[in-house]
Structure formats: structure tokens, C-alpha cells
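These notes are about the structure you will find just below.
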Amino acid sequence: MARIDHLRRRPPDKGDTVVPSGIDAPVGRFAALDIPAFRNYFIATVVSNIGSWMQIVAQGWLVLSLTDSPFYLGLVGLVRAVPTITLSLIGGVLADRFDRRRILIVTQSVAMISSVLLAALVILDVVTVWHILTISFISSVFFAADNPTRQALVPDLVGKERLTSAIGLNSAAWNGAAVIGPSIAGILIAVVGVSGAFLLNAASYLAVMGVVVTMPELPRYASTKRSVAGQLADGMRYISEHRAIWGILFLIAIPSLGARPYLQMMPVFARDILGLGATGYGVLMAASGIGALFGALAVTSLGNAGRRGLLLIGVTAGLGITLVLFSSSQWLVPSLILVIAVGGASTLMMSLANALLQGLVPGEMRGRVMSVYSLIAAGFMPLGSMLLGSVGSLIGVPLATGLGGAITVVTAVISARMLTDIRSVE
């Protein structure tokens, strides 16, 4: 591996990270931006995430327009979830074995092509819900490696001292884009149709690929001499032996199934409950993004503060409570206020869990442990969307969403009483 002058290499067998030299101890919540490689990656991620949010909004509106059914909104989520659930753990092994930069170039290229293809189908007026399902499935196959790779990449760039700052900033990049992307998408849908959002999303992937190509070489922690199955088993054994780690994963798993999929049902809340059009739908999604951005920025201010495990439990309970209130609202202003609160609690929960896990896990296990986190964060949520859509078709989307919030509150209470290892995590 070539020597890189502006990086200091630490032995990978000690689970340490590659960190920039010549930079003093971090000060402030944005300390990770002091590192050029991370700063460039962060800017590119913001651009790409704006495009991704545009596609999420446009695709949801397209599915509802084609089918007029919340079931199909959930089915798209299920199709996306299947590869994530079945392949994310293998993706985590790949993230530990191979060059993480090359993995990201491949996954981002596939995502760009998928967006262009979907836009072409819309422009030619031949798109069906089955096209959307197929393209979503293929994209998710590659994103099963993309998510754990991204999670494992960040500590390599910033080091442990700046890790909480970097995780908060990454979350802010996603959720800040959630404010901008849906608003732009709502306008584009009304003016030029959903194809414009798909094409702009395709172009946004070029930003990440450009930065990744110039990124310094990063360490590979797992030997390629041992089988993928063996390394996967090592990772699962490591998780099972550490109660705090699997406790955190359990705590976020239930809300990822029952609460966080509320976003997939937002077209129903916008059109059928609040009587909004495409622009109003974009505003509602943007409100969720504003809350999520606040949640992400809150993580950056925590640093290495104590009692973060207990805070995680409290935030999870808050997510459930605010979601129950949102699901029962039939007026625009209260709904906007409540969806801001839901978005903030959801993001704070996931980002805080991310930071706690990354702080507990050594470098040689990071890809595999974070693949389980990615499975929950990116796989359980679409699976929950299918569950929420199916139940919503039977009892109504608001009632089904409120039920998911109530289950989340119960999960937080159980964790507070039984999983004492989480409460002690600093």
C-alpha cells in the first residue's frame, strides 16, 4: 500500500483508524470538517443527498398516481428491503476486505444509471409500477454494499476523536438535503413532472464519484485469505458476546419497523388526510427534513458527553409519542409541527445509536457490525413500509401509523427496564 504523506497509518490489527496528521485536537461540533478529505466528501454527499430526496418524493408521488394505493407504496419499500436484508451482512464483510473507494464508485454508478432509466420510462410514457419495483430491487442489491461501506469509511477519515462530529455532520447532510430536496421535487413535479427529479438525481451521483476517486487510500482490516462466511460468522459472534452492542441494535430495530416508515406513507397523509397537492406534499416532507436536521445537529453538539445510552432510550420513547400525535392530526399546522418533532427524534435516535456503536467497535469489526446497523436502518424501514402499507389498507394509514408509534414507546420502556447495559453506555 503506497505511503501517503498527509496521513498517519496506525496498525489495523489494533482496530484503529487512519487519521490526518498535523491537525490539533478537535474543538467544536464541526471539528470533522477540519479534515480536507472528509470536508470534500461531506460537500459531495450534500449534493447527492439532495438528489436522492428528490427521487424519494417523486417516486412516491409517481407510485400513488399510478396505483392510487398505499399497498403499492409499501410494496416498493418491501422490494427495496429484500436485498438489504439478505445481502447487507455480506456487504459489511466486503467493506472490511476490499477498497472502500472502489465499492462506492460501483454502487454510485449503478444508482445513477437506475435514475436515468426511470426518467426515460416516464418521458416515453411507458412507466408502470412494475418498472419501479424492478429498478428499485436492482438498485438495492448494490446499496446493500454501499451503506455499510459508507458507515465504515467515516472513522477512517476522521479518527475516533472527531467521530461523533462526523456522524452528526453526515446525518445533517442527509437531513439538511431533506429540507431542500422535497421542496425542489414538489415544484418540479408540478412544473415538468417527475422525470425532472429523476434526471437531477442521476447527475448528483457524479459529485460523490468525483470525490471518492481522489480520496486517499484507506486500510483494509479483514484478510482476504479467510472465507467470507467465516468472517461473517466472526462478526455475528462478536455482536452476540457484547450485550451493549446487541442491545442498541435491538432498541433501534423495532422503531425501524414500526415508526420510521411513516415517511413512506406521507403521500397518503398529504393527499387524503390534509387535502394537499404535490407542492404541499413536498412542504410536508421538507418539514420532516427540518426536524431531522435539528436532530442531526444535536448529535454534533454531544461530543463524548456521558449518559448517551440513557439519552438514546429517552429519544426513542419521544419518537413514539410524537408519531402517535402526528397520526391523529387532521390539520396542517399541527401536522407540520409534529412532523418536525418526529423527524428530529428519528434522526437523533439513529445518529446517536450510530455514534455509540462506532465508539464501542474496533476497526477490524467495524464493517460487519455496521452492516447490521445498515440492515436495520436501511432494510427494516422498507420492510416496515410494506407492513404499514398492508395494515393501513385494512384499518387506515393514520391508525396503523399511530400503532407503530405506540409499539416504539413500549420498546423504549422495556429497554430501560431490562437492558441496563445500554443505560451505562457513555
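Values as computed for the structure displayed
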quantity	calculated
Square roots of five times the Cα gyration tensor eigenvalues for the chain, Å	33, 25, 20
Using alpha-carbon coordinates, inclination of helix 228-240 to the longest axis of the chain, degrees	80
With Cα atoms, 0 to 90° folded angle of helix 129-158 axis to the chain main axis	30
Dipole magnitude (debye, nearest 20) for the chain, charges at Cβ of Lys, Arg, Asp, Glu	800
Gain in span if fully extended, Phe137 to Arg417, counting 0.36 nm per residue against the direct Cα distance	96.9 nm
Highest-fluctuation residue, Leu360, Leu251, Leu387 considered, GNM on the chain with Cα pairs under 10 Å	Leu360
Mean separation of Cα contacts under 8 Å (6+ apart) over length of the range 252-375, as relative contact order %	33
Equivalent ellipsoid semi-axes, the range 25-157, via Cα gyration tensor eigenvalues times 5, rooted, Å	31, 18, 13
Listed residue (Phe269, Tyr281, Gln151) projecting farthest to the positive dipole end of the range 131-289, Cβ model	Gln151
Principal-axis tilt of helix 308-327 within the chain, Cα atoms, nearest 10 degrees	10
Between the range 275-302 and the range 336-411, the Cα center-to-center distance that results, in Å	16
Spread of Cα-to-Cα distances over 5 Å intervals beginning at zero, given as percent, for the range 231-293	4, 15, 15, 15, 12, 9, 9, 8, 8, 5, 0
The range 31-423 - percent relative contact order, Cα under 8 Å, separation 6 or more	31
Options Leu387, Gln55, Val129, ranked by Cα towards positive dipole end of the range 31-423, top entry (Cβ charges)	Leu387
The range 305-419: radius of gyration and largest Cα-Cα distance (Dmax), Å	15.6, 50
Ranking of Trp331, Trp53 by count of other Cβ atoms within 10 Å, fewest first	Trp331, Trp53
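Every read-out reported here was derived from the displayed coordinates using simple, explicitly stated rules and does not represent laboratory data. Note that the structure is predicted; figures quoted are calculated from it, not measured. Counting neighbours? That spans all protein chains shown, and the Cβs are built from the backbone with ideal geometry, glycine included.
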